[in-house]
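> Sharing a structure here in structure tokens format.
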Amino acid sequence: MDRFLFAMRRGNVASLALMLFFGFASPVDAAERSYAADLHYELGARALRQADGATAVEQLARAVELAPDDPAVLGLYARALLLEERPAEAEAVLEDLRHIEPSAPDLDLLLGLAHSRLGEWRAAREHLEAARDLDPGNSRVRLFLGIAYQELGEDDKAEAELREAYKLDPALETAGAYRLALLALRENRPDEAQRLLEEVLTKLPGSLLADSAAVYLLRIERGEARRWEVYATVGSGYDTNVNLFGDELFPSGISRENDVFGEAEIGIEGIAWERERLHLRLGYRAALTAYRHENDLDTEANHGWAILSYDLSENLGLELGYDFSWVWVDWDSFRRTNSVEPALRFTPRQDLFTRVFWRYDDRGFFTETVDPVLDRDGKVRTVGIEQYWILPNFRGWGSGFARVSARYRDEDAQGQEYDSHGGIWIVTLGLPLPSETFLTLDGWFEQRHFDHPSLFEPLEGDRDDNITRVRVLLRRALSGRLFVTAGWRYTHWSSNVGAYDFDRAVSDIRFTYRY
């Protein structure tokens, strides 16, 4: 949903640009133009004034063929391409224009708009700053520059430019109000954001900006537009084979017994700090799972995390993640884990996302082992690549996603029982459904090859496990802040060592309140 709203927001930038862009068209100059080129130029200019982009592009493309070095023809052709949602072609035409006449009117402004439409906000900022330096009294330049600053997280500069834009031209006040509202949301000022968005709805009814303002108002009403989010979850379920962390892929205490359980969780997460290229997100949760009969396997856990990201370019970024968790079993310390995860992410398009990562886990278990061979303390190293696709909005239900991941995991424990390595393959599909319902399907397959025979069945040779997991989650909004999630998770752990071979199915239903 966030990516869909982000795309919608960019669409409004485009619409706003087209709404304002006819106010600074360059004058016609036919002195160096042939009669045929001039005819196509005039027909294109007329179509452009009538907002008929298709005809304008057709006529002006013919004019460019006849007068390829005419700055006025190239400039107007670029405007027509922007009107027709073809910013990459417009940028190429404008670069030709820059080579022919570097001082062409509005060149930096048009390049700024083209780069904005492509989502290349740093390049857009560079050109729009140059345009502002040439004409500081141009309200439209100030408006678009404010938008570029905002997209880059330079909020103070964005607010200054937006306020200057509608100070210079009160007619831009509503467009500026929309952007100032988004700034207020990012800075956790929902009351001010709501006032500004309602102003957009009142003054521009039926426009794309008003439609987007309505979506953000709905998010404010639901409590979804906050910088920080606090949540609480309660639920219950049924476990066919109670054990410790079988679904977290290091089973222990396999009971072979079924039982019902209750669960509760509280947490907080949000954006702690962000600047132009740096973003820091923090989160923490505490969870309890209590069984009715198998209470010696009750678990209590807390988990804190931090992710620092840095944008190297429009499409490339670095991430550094840190996790810390502490788990108790029946209120006795069981395990602590420190994890570090550097990653490289690549986003060639708004609907495509690739992530390459390496993860290092340092784990320590507090229970004493009968035999040093069973000492599970140690390190786990994982390297992997994940490919995400953001699926288009389907029938107005929202946008979904797909993920494919390949990983290689290596565990080096103090006791040789757990020294292992192997590959992991994951496929996930998220699909929106009617009535604000979302379905998540998840499949996991892992081959884990151990370096030594197991202590329990040494005659079987080196231990080999195959792990298959399937997860189904169905989430539905009951109100603006209350959600219900029904889940089913199945694990089939196949091993040539009988002590580790098991099947497990967990069904549960949970209610979550977010504020």
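> Residues in the range 258-273: is at least one among the hydrophobic types (A, V, I, L, M, F, W, C), part of a strand (DSSP E or B), in the same structural domain as ILE424 (by TED's automatic domain parsing) and surrounded by 17 or more Cβ atoms within 10 Å (Cβ to Cβ)? Give the derivation first.
We begin by selecting, within the range 258-273, every residue among the hydrophobic types (A, V, I, L, M, F, W, C); these are 260-261, 264, 266, 268, 271-273.
Okay, now just the ones that are also part of a strand (DSSP E or B), so 260-261, 264, 266, 268, 271-273.
Filter once more, so that each one left must be in the same structural domain as ILE424 (by TED's automatic domain parsing): 260-261, 264, 266, 268, 271-273.
Next, only the ones that are surrounded by 17 or more Cβ atoms within 10 Å (Cβ to Cβ) stay: 261.
Yes, some residue in the range 258-273 is among the hydrophobic types (A, V, I, L, M, F, W, C), part of a strand (DSSP E or B), in the same structural domain as ILE424 (by TED's automatic domain parsing) and surrounded by 17 or more Cβ atoms within 10 Å (Cβ to Cβ).
> Of all the residues that make up the range 102-137, how many are within 24 Å of PRO170 (Cβ to Cβ) and touching a Lys or Arg at 6+ places or on another chain (Cβ under 7 Å)?
1
> Scan the range 394-419 residue by residue and report those that are buried (at least 17 other Cβ atoms within 10 Å of the Cβ), part of a strand (DSSP E or B) and of a type outside the set (S, T, N, Q).
Listed by number, the residues that qualify are PHE401, ARG407, ARG409, GLU411, ALA413.
> Considering the range 124-146 alone, what residues qualify as being out of contact with any helix residue (DSSP H, G or I) (no Cβ under 6 Å at 6 or more places or on another chain) and in a helix (DSSP H, G or I)?
Correct list: GLU126, GLU129, ASP133, LEU134.
> Return the pairs, sorted by first residue and then second, in which the second residue is outside any helix (DSSP H, G or I), the first residue lies in the range 87-98 and is more than 16 Å from ASP69 (Cα to Cα), the beta carbons are less than 6 Å apart, and the residues are 6+ apart or on different chains.
PRO87/LEU118
> Touching a His at 6+ places or on another chain (Cβ under 8 Å) and either under 29 Å from TYR310 (Cα atoms) or not assigned by TED's automatic domain parsing to the domain that holds SER313 (or both): is that true of GLY176 in this structure?
On the way: touching a His at 6+ places or on another chain (Cβ under 8 Å): no; either under 29 Å from TYR310 (Cα atoms) or not assigned by TED's automatic domain parsing to the domain that holds SER313 (or both): yes.
Criteria not met by GLY176.
> With the requirement that a residue be part of a loop (DSSP other than H, G, I, E, B), exposed (fewer than 15 other Cβ atoms within 10 Å of the Cβ) and within 25 Å of the chain's Cα centre (by Cα), what does the range 468-515 give you? Full working, then the answer.
As a first pass, look at the range 468-515 and keep what is part of a loop (DSSP other than H, G, I, E, B): 478-481, 496-497, 501, 515.
Narrowing the set further to residues that are exposed (fewer than 15 other Cβ atoms within 10 Å of the Cβ) leaves 478-480, 501, 515.
Of everything in the range 468-515, those that are part of a loop (DSSP other than H, G, I, E, B), exposed (fewer than 15 other Cβ atoms within 10 Å of the Cβ) and within 25 Å of the chain's Cα centre (by Cα) turn out to be LEU478, SER479, GLY480, TYR515.
> OK, next. Of all residues in the range 360-393 being exposed (fewer than 13 other Cβ atoms within 10 Å of the Cβ) and in contact (Cβ under 8 Å) with a residue 24 or more places away in the chain, which is farthest from SER339 (Cα to Cα)?
In the first step, residues of the range 360-393 are kept if they are exposed (fewer than 13 other Cβ atoms within 10 Å of the Cβ); the result is 368, 370-372, 392.
Right, trim to in contact (Cβ under 8 Å) with a residue 24 or more places away in the chain and you get 371-372, 392.
Numbers: ASP371: 27, PRO372: 24, PRO392: 34 Å.
So the residue we want is PRO392.
> Let me ask something additional. Within the range 74-86, identify whether any single residue is surrounded by fewer than 24 Cβ atoms within 10 Å (Cβ to Cβ), in contact (Cβ under 8 Å) with a residue 12 or more places away in the chain, outside any helix (DSSP H, G or I) and over 29 Å from the mean Cα position of the chain (by Cα), and answer yes or no.
Taking every residue of the range 74-86 in turn, none turns out to be surrounded by fewer than 24 Cβ atoms within 10 Å (Cβ to Cβ), in contact (Cβ under 8 Å) with a residue 12 or more places away in the chain, outside any helix (DSSP H, G or I) and over 29 Å from the mean Cα position of the chain (by Cα).
The values are calculated or read from the model by the stated rules, or taken from the named source; none is laboratory data. Computed from a predicted structure; not experimentally measured. Glycine also receives a Cβ, built like all others from the backbone with ideal geometry; neighbour counts cover every protein chain displayed.
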